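J.: Just dropping this structure here.
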There are 2 protein chains.
Amino acid sequence: MTVKELGEYPLVARLCERLERVFGVDKRVLVGLGDDAAVLDINGVRLVLTIDTQLENAHFRRRWMPAFDLGWKSVAISISDVVAMGGKPIAALLGLGLTGEEPVAFVDEFYEGAISLCQSTGTLLLGGDTVRSQIGLMVSSVVIGVIEGEPIQRKGAQVGDAIVLTGFVGEAAAGFWLLEQGVSNIATSPLLQRCVERFKRPTPRTKALQVIHSFPVHAAIDISDGLVIDAQRMAIASKVQIVLDMEQLPLSESLREAARIVGKDALTLALTGGEDYELLIALPSSVAKEFCQALVRASIPAHQIGVVSANHPKGEVLGRNPDGTVSVLQGGFQHF
Amino acid sequence: MTVKELGEYPLVARLCERLERVFGVDKRVLVGLGDDAAVLDINGVRLVLTIDTQLENAHFRRRWMPAFDLGWKSVAISISDVVAMGGKPIAALLGLGLTGEEPVAFVDEFYEGAISLCQSTGTLLLGGDTVRSQIGLMVSSVVIGVIEGEPIQRKGAQVGDAIVLTGFVGEAAAGFWLLEQGVSNIATSPLLQRCVERFKRPTPRTKALQVIHSFPVHAAIDISDGLVIDAQRMAIASKVQIVLDMEQLPLSESLREAARIVGKDALTLALTGGEDYELLIALPSSVAKEFCQALVRASIPAHQIGVVSANHPKGEVLGRNPDGTVSVLQGGFQHF
């Protein structure tokens, strides 16, 4: 059986199980594989550690991804993982694979983008590895952070919790399609421009950390592969049923406009698009409203979009439609 | 100007300078870019952090690199960087790019190799990221470690120091050529087999750490790109002239035999081959003999192969030939 035939979920599940058996018993491992990032206790310091890889033609195309944005995004997506664990990013390393045919200015701009994002989030960029890649551009990004207090895991969602979403989902995916389809009038439309920006330069929600740590947050995950698939990850880890209310899901004007232009359904993009790097958070319903208000005061849009409705041994995500009917939600990005 | 036209050294130097200017002033950064690994002080814990990337057809070929060995080597080379800073490895993460056509057994074996190396060095393998790579196999490895005491940098070599080498260099490069040329009788020759093993499954010198910390070591670097080029890195960082004594350079029987088979010069392979992941160490000549003996007692071959002969503003590496003449040494692996 090939990797493609098995699929990404079972592949990762096998791996988690194997590593958990060998290394999970070590008491320094606070959170092992299978969450947004690993958490280690090293001499009393709680470290969060994550790695992400982006490849040309799989994650981006050279023709529409400027070097500055590639550098920015590479660090941003790893910082997002650290934030989703409740961690404050400290330092980043980048591994950059180049064909060698790139102008030196490309490398300079790549690092300017990475530096810019690092500076805006208080992260130290410590460099990394540069290798020859005959097979196209490749970036691996590593971010370490520290957690004061308990790491926020995917698995802590409880029945009765509210499900809160920061920002707006679907915009990044709409931006991807605008780029991929080569839509020409993006620059003159602020609405379309926003979607493209969201895809190229996601902003990790570091500013939400203080609010998150002021509330009894039970679980969190960052939305990288799509709202439904990442909500499923939380539901599976927490062994609960999550019901998302389709009417409460915020669909931005930018998303609607871009969806119209690229000929896709806005709701589908919001549910399955991915790459938004927003946070999905579970916390007691009693404090959900106050929590959203605190996020908004920190300039972070936030909406309650669902509830944890029941325990569920396998975990599942349902959608409540405007007509009151409920259906199982599926879909999102899987590598294999 | 392209990256290839500029070359790897100036490219990395530009980057170091830029990052140093922005982030080097932060007092948490004990060692920034431009050494084997970065060293950070996080709440009193001194963390070492490094990333390496290996790409199909640049670093290895699928037809002769078994998945187990790829997993092993990916972690080993990053651990070697941590050890070269005087750090004890704590945890590793892997980013694996797969085409999807690989058998699931390939992934299992890859992780078995990585687990095996991690267990033998007391490193926790915490998983990582698996992505679809249409462009072939790709592995990024990240290792973090801790340093008790001062980090050992490239830049500390002093006039009067002895230059000590662990193990034997050139074997890994000879092993690469045996594989690349498809030499058929490797399995029946223990000498050739050793070279191939050295290339496929390098052993980071974690067991040297205790000895290193018992002596006043001034500088260290791991030999990844070749003895001469890595000695040059030490010489440049330390602003010294290093003289390597060609007669003292240990050329193993395995190297000589493999060099004969692949039609290359053994001394050239030892000087410029790379991928040995041995350590090059500078420490006061007065304790060099005792240091080598202590390494040998820890089952690590060690030889004094040169001296730091003078200060030198730009840094250089000379070779003393058996006839007493001295020449400037050059050569080794550069990506661009």
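J.: How far apart, in nanometres, would the label points at A:Cys16 and B:Val326 be if each is projected 7 angstrom from Cα along the Cα-to-Cβ direction?
T.: Distance between the two pseudo-spin positions: 6.1 nm.
J.: Also: Could you work out, residue by residue across B:305-317, how many beta carbons of other chains sit within 10 Å of that residue's beta carbon, and then give the average as an integer? Walk me through the numbers before you get to the answer.
T.: On the way: counts 0, 0, 0, 0, 0, 0, 0, 0, 0, 0, 0, 0, 0.
Mean partner-chain Cβ count within 10 Å for B:305-317: 0.
J.: Moving to a separate point now. To the nearest 20 debye, what charge dipole does the protein assembly as shown have about its Cα centre, counting +1 at the Cβ of each Lys and Arg and -1 at the Cβ of each Asp and Glu? Before the final figure, lay out each step's value.
T.: Details: 60 positive and 76 negative charges, 92 e Å.
About 440 debye.
J.: In debye, nearest 20, what is the charge dipole magnitude of chain A about its Cα centre with +1 on Lys and Arg Cβ and -1 on Asp and Glu Cβ, if you could check?
T.: About 320 debye.
J.: Among the GluC sites (Glu not before Pro) within segment B:147-207, which fall in a DSSP loop and have no more than 16 other Cβ atoms within 10 Å of their own Cβ?
T.: Working: sites: B:Glu148, B:Glu171, B:Glu180, B:Glu197; in loops: B:Glu148.
Listed in order of number, the matching sites are B:Glu148.
J.: Please report the relative contact order for segment A:35-146, taking Cα pairs under 8 Å with a sequence separation of at least 6, and give it as a percent rounded to a whole number.
T.: Values: 219 pairs, mean separation 46.0, N = 112.
Worked out over segment A:35-146, it gives 41 percent.
J.: Take every Cα pair under 8 Å in chain A that's 6+ residues apart, average their separations, divide by the length, and report that relative contact order as a whole percent.
T.: With pairs under 8 Å counted, the relative contact order is 21 percent.
J.: Continuing with this model, one more query. Please sort through the DSSP H helices of chain A and keep those with an alpha-carbon extent of at least 24 Å along the long axis and a Kyte-Doolittle average not below 0.5.
T.: A:67-84, A:104-121
J.: Between B:Gln158 and A:Gln293, what's the calculated FRET efficiency when r is the beta-carbon distance and R0 is 60 Å? Round to 0.05.
T.: Calculated value: 0.45.
J.: Tell me which GluC sites (Glu not before Pro) from segment A:31-138 have a DSSP coil assignment and no more than 14 other beta carbons within 10 Å of their own.
T.: Numbers: sites: A:Glu56, A:Glu101, A:Glu109, A:Glu112; in loops: A:Glu101.
Counting only loop positions with at most 14 other Cβ atoms within 10 Å, the GluC sites (Glu not before Pro) in segment A:31-138 are A:Glu101.
J.: Let me ask something else about it. When DSSP assigns beta bridges and you keep just the ones with both residues in the protein assembly as shown, what percent turn out antiparallel, to the nearest 5?
T.: Antiparallel bridges make up about 80 percent of those DSSP assigns within the protein assembly as shown.
J.: If you take each beta carbon of peptide B:5-14 and count the beta carbons of other chains within 10 angstrom, what is the mean? Before the final figure, lay out the partial values.
T.: Working: counts 4, 4, 1, 4, 0, 1, 6, 3, 0, 4.
Mean number of neighbouring Cβ atoms from other chains: 3.
J.: Considering only chain B, what is the antiparallel percent among its DSSP beta bridges, to the nearest 5?
T.: Percent antiparallel among DSSP bridges in chain B is about 80.
J.: How many Cβ atoms of partner chains, on average, are near each residue of A:143-154 if near means within 10 Å of its Cβ?
T.: 1
J.: Here's another thing I want to ask about it. Where nothing but the Cβ of Lys and Arg (+1) and of Asp and Glu (-1) is charged, how large is the charge dipole of segment B:35-146 around its Cα centre, in debye to the nearest 20? List each step's numbers first, then the result.
T.: Numbers: 7 positive and 13 negative charges, 15 e Å.
Result for segment B:35-146 is approximately 80 debye, rounded to the nearest 20.
J.: How much net charge surrounds B:Glu247 when only other residues with a Cβ under 12 Å from its Cβ are counted (Lys, Arg +1; Asp, Glu -1)?
T.: Once all neighbours under 12 Å are counted, the net charge is -1.
J.: In cubic angstrom, how much convex hull volume per residue do the alpha carbon atoms of the protein assembly as shown span?
T.: Output value, Cα hull per residue: 154 Å³.
J.: Hey, another quick one. Among B:310-323, B:280-293, how do they line up by average Cβ neighbours within 10 Å per residue, starting with the highest?
T.: The peptides rank, most packed first, as B:280-293, B:310-323.
J.: Here's another thing I want to ask about it. Indicate, rounded to the nearest 5 percent, the antiparallel portion of the DSSP beta bridges found entirely in segment B:35-146.
T.: Antiparallel bridges make up about 75 percent of those DSSP assigns within segment B:35-146.
J.: Residue farthest toward the positive end of the dipole of chain B, with Cβ of Lys/Arg at +1 and Asp/Glu at -1: which of B:Gln134, B:Ala13, B:Ala58?
T.: Result: B:Ala13, furthest along the dipole toward the positive end.
Here, each number is a calculation from the coordinates, and none is a lab measurement. Computed from a predicted structure; not experimentally measured. As a convention, Cβ positions derive from the backbone with ideal geometry for all residues, glycine included, and neighbour counts pool all protein chains shown.
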